[in-house]
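A.B. asks: Before I ask anything, let me first share the structure, which is written out below as structure tokens.
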Ligand SMILES: Nc1nc2c(ncn2[C@@H]2O[C@H](COP(=O)(O)OP(=O)(O)OP(=O)(O)O)[C@@H](O)[C@H]2O)c(=O)[nH]1
Ligand SMILES: [Mg+2]
């Protein structure tokens, strides 16, 4: 038959879409991470760091940084044809904390990025997700020039629960970021399955 529609019509797969937050301290690489993996042009809300902001903007370790996120980053990545992640990068500076509750609504999980030169900057993000029971994975962003520490040392310094995954990553590399995102999704799924199972008697 020349005309007519194929009887073997493929039903398009409706992907599951999940919301993931990308959090962590100031200048730890959140905007870079979203930009590295997003398959759409990431939405950014960058403002120039000004001379006036110097007393409050702590640039130790990221001296070359010239802009900062003032609302959020937004990007999208298809992990599998039936699994799409929407990434929401948070602003790193304390003065934007009021935006977090809005951004966290409906999030399946989160990545907390950490920089070993300023680990304490990521404490607040870890506390935030722990308190709200939002599953998260820690990605240690390996900046050049930063001392390398074994994962166990970083884990102890961050006082992480044993079940929280921690991995080394490079926020500029797509494959590296993808592994962190897969870890977040897997961790969140394991946790939600466990919570749904009736407690063993
Ligand atoms: N060497 C190195 N530089 C990085 C890496 N990730 C980010 N950077 C640089 O670090 C700086 C900070 O990155 P951003 O992505 O803006 O950090 P952010 O966490 O979004 O910062 P805020 O939104 O201001 O909190 C930028 O100059 C990046 O180019 C990395 O893995 N290695
Ligand atoms: Mg940013």
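A.B. asks: Roughly what angle does helix 123-132 make with the longest principal axis of the chain, taking Cα atoms, 0 to 90 degrees, to the nearest 10?
C.D. replies: On a 0 to 90 degree scale, this one is about 40.
A.B. asks: Below 8 Å, C-alpha to C-alpha, sequence gap of six or more: please give me the relative contact order for region 24-132 in percent.
C.D. replies: Computed over region 24-132, the figure is 33 percent.
A.B. asks: Give me the Kirkwood hydrodynamic radius of region 76-172, using the inverse of the mean 1/r over all pairs of distinct Cα atoms, in Å to one decimal.
C.D. replies: When all Cα pairs of region 76-172 are included, the Kirkwood radius is 14.6 Å.
A.B. asks: Would you please classify the overall shape of region 137-201 from the alpha carbon gyration tensor, given that a ≥ b ≥ c denote the square roots of the eigenvalues, rounded means a/c under 1.5, and beyond that prolate means a/b larger than b/c while oblate covers the rest?
C.D. replies: Cα axes put region 137-201 in the oblate bin.
A.B. asks: Tilt of helix 174-196 relative to the longest C-alpha principal axis of the chain, in degrees (0 to 90, nearest 10)?
C.D. replies: The helix 174-196 is inclined about 70 degrees to the chain.
A.B. asks: Still on this structure, please answer the following. If you count, for each residue, the other Cβ atoms within 10 Å and average over each peptide, how do 129-142, 182-195 line up from highest to lowest?
C.D. replies: For the peptides 129-142, 182-195, the packing ranking is 129-142, 182-195.
A.B. asks: Could you grab the Rg to Rh ratio for the chain? Cα atoms only, Kirkwood for Rh.
C.D. replies: Rg/Rh: 1.06.
A.B. asks: Right, something else. If you restrict to DSSP beta bridges whose two residues both lie in region 24-194, what percentage is antiparallel, to the nearest 5?
C.D. replies: So the antiparallel bridges in region 24-194 amount to around 50 percent.
A short reminder: the numbers here are calculations on the coordinates, not readings from a lab. Bear in mind that the values here come from a model prediction, so they are computed numbers and not experimental data. Every residue, glycine among them, receives a Cβ derived from its backbone with ideal geometry; neighbour counts consider all protein chains shown.
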